Amino acid sequence: MIKLKNLSMSYRLQEEQVDVLTAANLTLKERESIAVAGPSGSGKTTLLLLLAGLEHPDGGSISLDDTDLSNLSPDELADWRRDRMGIVFQSFHLVASLTALDNVALPLEIAGAADAEARARGMLKSVGLGHRQHHYPSQLSGGEQQRVAIARALVHAPSLVLADEPTGNLDKRTGEKVSDMLFNLHAEAGATLVLATHDEAMARRCDRILHLDDGQLIEKSGDAVFSG
Ligand SMILES: Nc1ncnc2c1ncn2[C@@H]1O[C@H](COP(=O)(O)OP(=O)(O)OP(=O)(O)O)[C@@H](O)[C@H]1O
Ligand SMILES: [Mg+2]
């Protein structure tokens, strides 16, 4: 279970302070899927970075299965991320010096899996990139890079998947395929899904839709978010 309590977060530039989250509250049950919607700049990416422990809140707390994230050491946090979390960043964060295959194999290699390469190859095939294994990120289209990032996030069957606009750069058909993969993992492996998305079809497949506005998370129906 993930619990956000009165979470607040601001970015500080020299003169200016950007208040992104003011009092965000959320309880996310195991195996639940939620979509985080909200206009550009409302704080969706910030929220995911906080959940991943990659940014730190100014106030409030985040607890994962009763452990307050702020009590974990950097090493413990890194272990947690490696073993249980799959993250798809909005800007992919692929390793430029590694091929598509090696990018996908990376989480498995870090975890010491013996069959890393074979599993990574299978995962790349399932995102439709079996023929691009040996390309480097700069030799892939934006949508292909996105699919490599998704393959990398899912390859170790994480129990929590954080995905930032995972279908943002994809055409409708590929987007649906990627969406199916995320929801299959959710259904089969019981992964908890947190998706920041503007994609209506994807958001409506989630158990709940939370709308981020004015620094707060408010549960809304799909119709309230997407019509009008
Ligand atoms: N490192 C940073 N330093 C200062 N301000 C930042 C930083 N990162 C984000 N911001 C600001 O914080 C606000 C929230 O950004 P965030 O990236 O979380 O929005 P978002 O909802 O993900 O938007 P989008 O839909 O465009 O991806 C924005 O106004 C942004 O300009
Ligand atoms: Mg964003």
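Checked against (1) in a loop (DSSP other than H, G, I, E, B); (2) away from ligand 2 (no atom under 16 Å from the Cβ), Ala23 passes all but condition (1). Scanning region 177-202 for residues that are closer than 20 Å to Thr45 by Cβ, in contact (Cβ under 8 Å) with a residue 40 or more places away in the chain and out of contact with any helix residue (DSSP H, G or I) (no Cβ under 6 Å at 6 or more places or on another chain) returns Thr192, Val194, Leu195, His198. Residues of region 45-75 that are within 17 Å of the chain's Cα centre (by Cα), among the charged types (D, E, K, R) and either more than 16 Å from ligand 1 (Cβ to nearest atom) or more than 22 Å from Glu165 (Cα to Cα) (or both): none at all. Beta carbons closer than 6 Å, at least 6 apart along the sequence or on distinct chains, pair a first residue in region 160-176 that is more than 13 Å from ligand 2 (Cβ to nearest atom) with a second that is charged (D, E, K, R) for Leu160/Arg84; Thr167/Asp199.
Just one of the listed residues (Leu124, Leu77) is under 17 Å from Leu48 (Cα atoms) and part of a helix (DSSP H, G or I), namely Leu77. Counting just the residues of region 18-44 that are closer than 17 Å to Asp164 by Cα and near ligand 1 (Cβ under 8 Å from one of its atoms), which one comes out surrounded by the fewest Cβ atoms within 10 Å (Cβ to Cβ)? Looking at residues that are closer than 17 Å to Asp164 by Cα and near ligand 1 (Cβ under 8 Å from one of its atoms), I get Ser40. The single condition from (1) farther than 18 Å from Thr27 by Cβ; (2) surrounded by 22 or more Cβ atoms within 10 Å (Cβ to Cβ); (3) touching a helix residue (DSSP H, G or I) at 6+ places or on another chain (Cβ under 6 Å); (4) not basic (Lys, Arg) that Gly222 fails is (2). Restricting region 85-108 to residues that are part of a strand (DSSP E or B) and over 18 Å from Leu129 (Cα atoms) leaves a set whose member that is farthest from the chain's Cα centre (by Cα) is Met85.
Restricted to strands (runs of 3 or more DSSP E) entirely inside region 161-228, those with at least 2 residues that are within 16 Å of ligand 1 (Cβ to nearest atom) and in contact with a Gly (Cβ under 9 Å, 6 or more places away or on another chain) are 208-213. One residue stands out in region 30-55 among those that are touching a residue at least 40 places away in the same chain (Cβ under 8 Å), within 20 Å of Ala224 (Cα to Cα) and among the small types (Gly, Ala, Ser): the one that is farthest from ligand 2 (Cβ to nearest atom), namely Ser33. Being among the small types (Gly, Ala, Ser), over 30 Å from Phe226 (Cβ atoms) and either within 16 Å of ligand 2 (Cβ to nearest atom) or touching a residue at least 40 places away in the same chain (Cβ under 8 Å) (or both) holds for only one residue in Gly59, Gly86, and it is Gly59.
Listed here are the residues, each with its yes/no results for (1) under 26 Å from Asn169 (Cα atoms); (2) surrounded by fewer than 13 Cβ atoms within 10 Å (Cβ to Cβ); (3) out of contact with any Gly (no Cβ under 9 Å at 6 or more places or on another chain).
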site: Ala78; (1), (2), (3): no, no, no
site: Gly86; (1), (2), (3): yes, no, yes
site: Phe89; (1), (2), (3): yes, no, yes
site: Leu94; (1), (2), (3): yes, no, yes
site: Leu98; (1), (2), (3): yes, no, yes
site: Leu101; (1), (2), (3): yes, no, yes
site: Ala113; (1), (2), (3): no, no, yes
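When each of Leu72, Leu47, Leu64 is tested for being over 19 Å from Ile110 (Cα atoms), crowded, with 17+ Cβ neighbours inside 10 Å and either touching a Phe, Trp or Tyr at 6+ places or on another chain (Cβ under 9 Å) or hydroxyl-bearing (Ser, Thr, Tyr) (or both), the lone residue that passes is Leu64.
Bear in mind that the values in this text are calculations on the coordinates, not laboratory data. As the structure is a computational prediction, the values presented were derived from the model and not from experiment. All Cβ positions, glycine included, derive from the backbone under ideal geometry; neighbour counts span all protein chains shown.
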